[in-house]
Amino acid sequence: MSSNPVQHRVNILGLMTGSSADGLDLCLVSFSGSGRTPAYEVVSSHEIPYPQYFQDSFSNPLELNDGDIAQLDVELGAWFASEIAQLKFDFDFIASHGQTIKHEPPHFTLQIGNPATMADKFNCPVIYDFRTADVEVGGQGAPLIPIVDQYLLQREHSDVLALNIGGIANITMVPGLHNSAPLVAWDTGPGNTLIDKAVRLFSHDKLSYDEGGNLAAQGKLNPKLLGEVLEHEFYQRTPPRSAGQEQFGKTYFQHILKQFYPANDQEFKDLIYTLTVLTAKTITESINSLSLKYSPASMFVGGGGAFNKTLMNLLKAELPSIDISDMNMKGVNQSNKEAFGFAYLGYLFINDFTANLPGVTGARKAVTLGKLCKPKSS
């Protein structure tokens, strides 16, 4: 899209709906300057919970048929537009990740949330479908946020880790400018997704997540269960690797329940705690597997899992040499980081910059990410 380059300032509304399927995160960002590292200002951020219908549909996306997906695509795009309209933001572009329904690289990846309704309602272009271009050149289509981590966190003389704990957890190792080693990143395994499923079952859908890690804190470790879940073949794969509901969704959770169905409330809390330990251990093992070329002393954590005190305490105990803190940097925090990230990916698109990192996704080459949906009136 180099025929329409950004001039001095552009306002981009980033939209993110993650694998936790709990709602929409929005981040309005004003970028100024030019090049890959523009100045930015976070103008506003919001979190909007999904209606129950969307939560239920997207919690088990592999059960949706083609007709369901087509209908939800239209309905979700219209819901995005309706919610955005109430916020009365002023923006030049929308950059929308959409809700992931299927992610099976190297074959395909599918995010829904039809952009046309938004483009027409606000008479502005919508950038969408950020993952497909990477998959088409042999990549995993994920993770995409590492280039955002580099933009936000790269330092002159120190290596920095970024951890995002959404439905799936992923890490980014951002080397300092002094370090010639490459940036590396990958999905470590489940973040909140298995914990959330256990909480929903325990609470008969009254709760959708373990607030503060309070339920896990009342549980005890089930060593046999932990040993079983650590056997998942995903953890044996060498990066680049990405995960989704295909690996850690409803089918896998039902597999766990067949062997370890809780007989009472305490056993449910033990299940929730053990799945929380699983998330912590698989993150820790990924970090401990990093090459000796890296020496991170600090890690910034984002995503919903950052609010789970039990999980964070487990990570701090497992990684005593690393200073672990919430993401909080010039308006970018643990709640809005991914929505901010897609605003930045939108900025890269409209300036015709490549946005995937082949060393991270496994793609054959760096490519521009995203497609453009223009309003009918343009």
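FYI, it's all coordinate maths here, none of it is from the lab. What you are looking at is a predicted structure, and each value in this text was computed from that prediction instead of being measured. Methodologically, a virtual Cβ is constructed for each residue, glycine included, from the backbone with ideal geometry; neighbour enumeration extends over all protein chains shown.
Some observations on this one:
- Of Pro320, Met299, Leu369, farthest towards positive along the dipole that unit charges on Lys, Arg, Asp, Glu beta carbons give region 281-378: Leu369
- Helical contribution to [θ] at 222 nm, DSSP H n ≥ 4, -39,500 (n - 2.57), averaged over the chain, rounded to 500: -11000 deg cm²/dmol
- Förster-model FRET efficiency, 41 Å R0, Glu41 and Phe108, C-beta, rounded to 0.05: 0.65
- Net lengthening on full extension, Val137/Ala297 (0.36 nm per residue, minus Cα-Cα): 54.2 nm
- Three-way shape call for region 84-153 based on the alpha-carbon gyration tensor, with the a/c threshold at 1.5: oblate
- Residues of region 233-262 with amide N under 11 Å of the 7 Å Cα→Cβ point at Leu62: 244-255
- FRET efficiency for the Tyr261 to Ala70 pair, using the beta carbon distance and R₀ = 45 Å, is estimated at 0.80.
- Here the chain is described by how far its Cα atoms reach on the three principal axes: 61, 51, 35 Å, from widest to narrowest.
- In this calculation the C-beta distance from Ala85 to Asn214 is compared with R0 = 41 Å, giving a FRET efficiency of 0.70.
- Most mobile listed residue (Gly14, Gly35, Gly176) in the chain, GNM with C-alpha springs under 10 Å: Gly35
- Asn313 paired with Glu285, simple spin-label distance in nm, labels 7 Å along Cα-to-beta-carbon: 2.4 nm
- For a straight C-alpha distance cut-off of 23 angstrom, the lysines reachable from Lys121 (same-chain residues fewer than eight places away being disregarded) are Lys88, Lys371, Lys374, Lys376.
- Selected from Phe89, Gln111, Tyr40, residue furthest toward positive end of dipole (region 1-113; charges at beta carbon): Tyr40
- Coil-residue trypsin sites (Lys or Arg not before Pro) of region 39-124, DSSP, other Cβ within 10 Å capped at 15: Lys88
- Cα gyration tensor, region 146-332 - rounded (a/c under 1.5), prolate or oblate: prolate
- Prolate/oblate/rounded call for region 42-137, Cα gyration tensor, a/c under 1.5 rounded: oblate
- Tilt relative to the chain, helix 265-288 - C-alpha long axis, 0 to 90 degrees, to 10: 60 degrees
- Interatomic Cα distance distribution for region 140-218, bins of 5 angstrom, percent: 3, 15, 19, 16, 11, 12, 10, 7, 4, 1, 0
- Candidates per trypsin sites (Lys or Arg not before Pro) in region 309-343, loop by DSSP, up to 16 other Cβ within 10 Å: Lys330
- Degrees separating the helix 309-318 axis from the principal Cα axis of the chain, which is the longest one: 80 degrees
- Compared with the dominant Cα axis of the chain, that is its longest principal axis, helix 337-350 is turned about 30°.
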